[in-house]
Amino acid sequence: MAASSEAQSSAPSVSLWNDPKKRALIYQAIVMIALIIVAAYIINNTAANLEKRGIASGFGFLQSPAGFDVGMSPFLKYDAAKATHGTVLTVGILNTLLVAFTGIVIATVLGFIMGVLRLSSNWLVSKLAYLYVEITRNIPLLLQLLFWYFAVLGTLPSKRDSISIFDLFFLNIEGLFGPLPIPQDGFWMVGMGLIVAIVAVIFIKKWAQKRQDETGQPFPVFWVSLALLIALPLIGAAIAGFPLEFEHPQQNRFGLRGGMIILPEFAALVLGLSLYTAGFIAEIVRAGIQAISRGQTEAAYALGVKPGITMRLIIIPQALRVIVPPLTSQYLNLTKNSSLAVAIGGAEIVAIFAGTSLNQAGQAIEIIAITMAFYLTVSLLISMFMNWYNRKIALVER
Amino acid sequence: MVLKSILTAAAAATAALTIAGAANAGILDDVKKKGHLQCGVNTGLTGFSAPNDKGKWEGFDVDFCRAMSAAIFGDADKVKYTPLTSKERFTALQSGEIDVLARNTTWTFTRDVNLGLEFIGNNYVDGQGFMIRKDLGVKSAKELDGASVCIQTGTTTELNLADFFRSNNMKFKSVVFEKADEIRAAYDAGRCDVYTTDRSGLAAQRSLLKKPDDHVVLPEVVSKEPLGPVVRHGQSEWGDVARWTLFALIVAEELGVTSANVDQMKSSKNPEVLRLLGVEGKMGEQLGVRQDWAYQIVKSVGNYGEIYERHVGVNTPLKLERGLNAQWTKGGLLYAPPFR
C-alpha cells in the first residue's frame, strides 16, 4: 500500500508519453479520429460523385411504386398495382424469416436424430447415418439446391395429371396444393381453448416438479400436456360449432388455382438448406454426446435409472453445453445461406429486393446497405437468443 | 450473382472515390490508352450475344461493340466482353466496370434520367410478346387469366407484364429467374405456362427449346421496347463516338455501302458516301477517332443490314423479319441523321 501511494504521489513527474495507461488512451483516440475521418471522407465523396454522375440517391425510392410481381408472399396480400419498393422489402424480409425458421426447425430435428443414430450400436443404422452426414456435408450447397429444384422437383408430373393425395392434396410441377382453412365467426373459442391449455400446462409442470421434489412421485407431464393442448381447442371448436371452412384448389385452364400452396422454389430451398445443415448438426450432436464420460451412464444404470431417462435427464443436458455454441453458428449459416435462393427463383430478400428492386430503382448502395443491415440484425438476434439459452443450460456451480 | 452485385456496388463506391480527381479525363482517351474496349453484353441470348463453339462472342449486340472497336482502333477484335445479367448491367456501367453496354436494353425515362445513363439510340426496335404451348389452345394474350408466367428479373418486361394483366383485369403468377437459360429450363419443364420477354428474345429462346414447333408466340405486342446501346451520363464525347458508330452502320446500309463493295465505294460520286468513308472532310478527326473510322466499321463488321441478316434475319434460326427495323425508305423506323 505504502509503495503504491508513493508511486501515485510521484506520478506527476512521469511524462504523459511514458505512462503506459495514458499512452494507450492516446493511441486509441488517434485511431478513433482517423477512422471517423476516413468514414466521413468516403461517405462525403461517394455522395458527391453520385450527384456528379446524375445517379439519384437517398431512401425515397422505398415509397415509389415497384410495379412488378413477387413469386411468393404468404403473409401479406401483395398487389403489383399498389406495391412500393418498401413493400417488396417487407415481403423479402418475411420470406427470408420463414425460410430460416422452417429450415432451422427441420435441420435441428433431423440433425439430432441423425446424430443419435450415428452412435447406434446397430451397424446398418449407424452406417446409413454416416453416409447421410458425409454426402450432405461434402457437396456444395448451391449444387444441392439445383439438384432438388431441377432434378427432383422439376420432374414432377405436369399440371394436368397431378398426383392426388386423398383428393385433398395435389402435387404437380407447380407445387403442392391443399385446402386453405378459413376461420369463420366464433373461431376465437378455439384460440381461447388453446390459451387456457397453455396456461394449464405451465401450472401442471410447476406443480409436478414440486410434487416430485417433495414426494419423489413422478407425473406424466408430457402426455397430460399433449392431451390438454389437443382437447381444449377441440372442445372450444365443438361449442362454437366447428367454425372453420376450407377453400379447395380448383382446376382451371392453366392448372390448379386457389387453396393453399407450397411452391417448388420454396420447398427446394427449405429441403436443400435443412438437409445440408442437418449433416453438420448431426456431427455436432454426436461430438456433444461423446464428450460426456461413459461413467455418467454407468453410474446412472448402477442406481437403477432407466436408459431413456438416463439419456433425457443425464446425458443430453450435459451434452447440450457442448452442442449449443457450435449449433448457433449453424443456425446463422442456414439463415445467410438462404440467399442462394436467387439461383432457383426463390423470392427472398436478396432475390427480390437486392435483385429486382435494385435493378428497377438502380440504387445499389442504399439497397445493399439495407440488405446487409437486415442480415446483421437477424444474425445478432439469433446469436443473442442462443447465448441466452446457452447461459440457461450452463453448468450452475454451487 | 449476388456476390457480383455486391461487388459491383462496392466497385461503384470505390470508383466514385477514385474518379473524384480525374472526372474530366474522358473515356475515349482511357480506352485508347488501355488499348481495348470493355463491352457489357448478355450472358447468352442466341443471335444477340452468345459465345460460339470456339468460345468467341458473336451476335447482333456483339457486332456493335466490334464496330466501335473498328472505329477507334481500326481493328474489330480489340474488345473484351463482360457478360452481364439484366440485373447487373446498370451497376456495371455506373461503376465504370464497362465502357459501353450493348445488351438488348430498353430505353425508358427512369433509366435515362434517374440511373445516370445515356441511351445513344436504337439498334433494335422490339415489343414484348408471349410464348405458350400450342396444346393449351390459347389464341390471344387476353385469354391468359390465371396463367403462371416465367420472366427474367430486372427487366422492363417484368413491369409491362404487371401493367398488361392489370389493365385487362386478369391475374397471373410470376416465376422469376435471373438468367435466360434458367427460365428456358423452367418453361421447358412446364413450371410455367407462359414465357414472356421481347419478341426477338422469344424467337431466340424458342429456337433452343426441346421441341420449338410445340410452342407459339401469341400475336399481341404489349409494349414498345426500343433497345439500344448505353453509355454513362455526362460523357458527351464518348457518347458521340457510340452514337455515330450506330448511325454509320445505318447510313452505310441506306447508301448501299457493304463490306463487299466498300473499297470501290471510296471512289463513289456520292459526296455523302465520300464523307462517310473519310475520303472527304474531317469527320473522324472531329469525332476523336480514326479518319477512316466508318470505312473500318463497314469493312470489318458490315453495315446494319448485313449484321442483321447474319445474326437474327430470316436465314438464321431466329427467322426475324426486318419489320420495324427496316430502313425508313422501306417502311421501317431506321432513320439516321445525315453525314454532313
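Every read-out reported here was derived from the displayed coordinates using simple, explicitly stated rules and does not represent laboratory data. Fair warning: this is a prediction, and the values are worked out from it, not measured in the lab. Cβ placement follows ideal geometry from the backbone for every residue including glycine, while neighbour counts extend to all protein chains displayed.
General observations
- The length gained by stretching the chain between B:D263 and B:A326 to full extension, at 0.36 nm per residue less their Cα-Cα distance, is 20.2 nm.
- In sequence order, calculated HN-Hα J values of the range A:232-242 (Karplus, 6.51, -1.76, 1.60; Hz; x Gly/Pro): 4, x, 5, 4, x, 4, 5, 4, 7, x, 6
- Listed values for the range B:222-238 are Karplus-derived 3J(HN,Hα) couplings in whole Hz (6.51 cos²θ - 1.76 cosθ + 1.60, θ = phi - 60°), namely 9, 7, 9, 10, x, 9, x, x, 10, 10, 6, 5, x, 10, 4, 4, 5, and x replaces Gly and Pro.
- Within a Gaussian network of chain A (alpha carbon springs, distance under 10 Å), most fluctuating of A:K77, A:K52, A:K21: A:K21
- Shielding by other protein chains, A:58-71, mean Cβ within 10 Å: 4
- Extent of the range A:171-285 along its three principal axes (Cα atoms, max minus min coordinate, largest first): 67, 49, 15 Å.
- Each residue of the range A:332-348 was assigned a 3J(HN,Hα) from its phi angle through the Karplus curve 6.51 cos²θ - 1.76 cosθ + 1.60 (θ = phi - 60°); the sequence is 5, 4, 4, 4, 6, 5, 4, 5, 5, 3, 3, 6, 10, x, x, 10, 10 Hz, with glycine and proline shown as x.
- When the Gaussian network model of chain B links Cα atoms closer than 10 Å, the mean-square fluctuations of B:L320, B:L93, B:L227 top out at B:L320.
- Cross-link partners for B:K80 among the lysines, with Cα-Cα distance under 30 Å and sequence neighbours closer than 8 places in the same chain left out: A:K52, B:K4, B:K32, B:K33, B:K34, B:K54, B:K56, B:K179, B:K282, B:K299, B:K319.
- Of all DSSP-defined beta bridges confined to the range B:128-223, some 50% are antiparallel rather than parallel.
- Cα pair distances in the range A:64-160, grouped into 10 Å bins until the bin that holds the longest one, percent each: 13, 25, 29, 20, 9, 3, 0
- With all projection directions averaged, the alpha carbon convex hull of the range B:128-223 covers 5.2 nm².
- Secondary structure note: in chain B, about 55% of the DSSP beta bridges are antiparallel.
- Efficiency of FRET between A:F59 and A:I113 - r from beta-carbon atoms, R0 45 angstrom, step 0.05: 0.50
- Entries in B:K87/B:K224; A:K77/A:K159; A:K159/B:K139 that, when Cα-Cα distance is taken, lie over 23 Å: A:K77/A:K159
- Put simply, the amide H of A:T84, placed in the peptide plane, has neighbours under 5 Å in A:A66, leaving out anything fewer than 5 places away on its chain.
- Rg/Rh, computed from the Cα trace of the range B:48-135 with Rh as the Kirkwood radius, has the value 1.01.
- Alpha-carbon Debye profile of the range B:181-314, log10 I(q)/I(0) at 0.11, 0.16, 0.17, 0.21 Å⁻¹: -0.59, -0.88, -0.93, -1.16
- Calculated P(r) tail over 34 Å for chain B, as whole % of Cα pairs: 26 percent
- Here the calculated FRET efficiency for A:I198 and A:S15, from their Cβ-Cβ distance with R0 = 60 Å, stands at 0.35, rounded to the nearest 0.05.
- Under-5 Å amide H pairs with B:H215, H placed in peptide plane, nonlocal only: B:K134
- Think of it as helices only: each DSSP H run of n ≥ 4 in the protein assembly as shown is worth -39500 (n - 2.57), and spread over all residues that comes to -16000 deg cm²/dmol at 222 nm.
- Convex hull (Cα only) mean projected area of the range B:79-123, reported in nm² to one decimal: 3.3 nm²
- Model label sites at B:D213 and A:A238, defined 7 Å from Cα along the beta-carbon direction, differ in position by 6.6 nm.
- Note on B:K210: lysines with a C-alpha under 16 Å away, same-chain residues under 8 apart excluded, are B:K134.
- Take every DSSP beta bridge whose two residues both sit in the protein assembly as shown; close to 70 percent of them are antiparallel.
- Between the range A:352-396 and the range A:40-79, the C-alpha centres lie 18 angstrom from each other.
- Comparing B:C39, B:C192, B:C150 in a Gaussian network model of chain B where C-alpha atoms under 10 Å apart are linked, the largest mean-square fluctuation is found at B:C192.
- Here the calculated FRET efficiency for A:A231 and B:E143, from their Cβ-Cβ distance with R0 = 51 Å, stands at 0.50, rounded to the nearest 0.05.
- Between A:L244 and A:Q184, the built amide H atoms are under 5 Å apart, and every one of these is 5 or more places off in sequence or on another chain.
- The equivalent ellipsoid of the protein assembly as shown has semi-axes of 59, 38, 23 Å, largest first, where each one is the square root of 5 times an eigenvalue of the Cα gyration tensor.
- Burial order of peptide ranges B:121-127, A:85-91 (average beta-carbon count within 10 Å, highest first): A:85-91, B:121-127
- Taking every residue in B:181-189 and counting other chain Cβ atoms within 10 Å of its Cβ, the average works out to 3.
- Given charges at beta-carbon only (K, R positive; D, E negative), |dipole| of the range B:275-340 in Debye: 60 debye
- Span per principal axis, largest first, for the Cα atoms of chain A (Å): 90, 76, 48
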